[in-house]
1. Determine, yes or no, whether Glu142 is at pLDDT below 80 and in the same structural domain as Phe35 (by TED's automatic domain parsing).
2. Residues of the range 11-34 being touching a residue at least 40 places away in the same chain (Cβ under 8 Å) and over 15 Å from Cys66 (Cβ atoms), which ones?
3. Given the conditions (1) under 30 Å from Leu88 (Cα atoms); (2) at pLDDT below 75, and given that Lys177 satisfies all but one, which numbered condition is not satisfied?
4. Give the residues of the range 17-58 that are surrounded by fewer than 14 Cβ atoms within 10 Å (Cβ to Cβ) and more than 14 Å from the chain's Cα centre (by Cα), sorted by residue number.
5. Being more than 21 Å from the chain's Cα centre (by Cα), closer than 16 Å to Leu70 by Cβ and either surrounded by fewer than 14 Cβ atoms within 10 Å (Cβ to Cβ) or among the polar types (S, T, N, Q) (or both) is the filter here, so list the residues in the range 122-177 that pass it.
6. Please go through (1) outside any helix (DSSP H, G or I); (2) closer than 30 Å to Ser156 by Cα for Pro43 and return the number of the only condition it doesn't satisfy.
7. Name the residue, out of Gln91, Gln127, that is farther than 25 Å from Ser29 by Cβ and modelled with pLDDT under 80.
Amino acid sequence: MPTKIEDIESLVKACIEDDKKAQKLMFESYAPRLFGYIRRYVPNHHDAQDILVEAFYKILVHLNQCKDLLYFEAWMRRIAVNEALMFLRKQKTKMDFAELEANFTERIEEDAYDLEADQYIEASLEQLPKGCRAVFELFVFEQFSHQEIAEKLGISAHTSKSQLAFAKLKLKSLQAK
């Protein structure tokens, strides 16, 4: 998986230019992680695979809309999660809500995922400086090590640690308000 912003930039550019090898590399690099996010919402393996393909189609079609490559993986994750949620909405019309809730309550509780909390977190994260937010998201959501973050963002591991500490303090102060 490309880790440096320059590598991501060149991969995205090649994909936009319809380079099939680059598109395959992008899929092979990011699909496992995106599949994991989709499976949080859609436990059926085959449905999740279909959603992943649809999400990647949208990613490739809309690559030029990703404004900040620092958040490229987060941008792709949002598309994949939105595809999973759209799938669930369509399924919701096919089965009653009680059945849907019974099927997914356990998985949702395991993930401790709450859309309202996600919206609150997203709003809080938007108040962080760009660098702090990138480090925080990569460390917390993507579970990268500080060394991986440093390589990906072109900073030192120490800077990554201090940016994470600053982000945590800022988020705590926002929570106290």
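The values are calculated or read from the model by the stated rules, or taken from the named source; none is laboratory data. Owing to the predicted nature of the structure, the values given are computational and were not obtained by experimental measurement. Note: ideal-geometry Cβ built from the backbone for every residue, glycine included; neighbour counts use all protein chains shown.
1. Taking the combined requirement at face value, the residue does not satisfy it.
2. Across the range 11-34, the qualifying residue is only Arg33.
3. Here Lys177 meets the rest and fails (1).
4. Glu17, Asp18, Lys20, Lys21, Lys24, Glu28, Pro43, Asn44, His45, His46, Val53, Tyr57
5. The one that is more than 21 Å from the chain's Cα centre (by Cα), closer than 16 Å to Leu70 by Cβ and either surrounded by fewer than 14 Cβ atoms within 10 Å (Cβ to Cβ) or among the polar types (S, T, N, Q) (or both): Thr159.
6. Exception for Pro43: condition (2).
7. After ruling out the rest, the residue left standing is Gln91.
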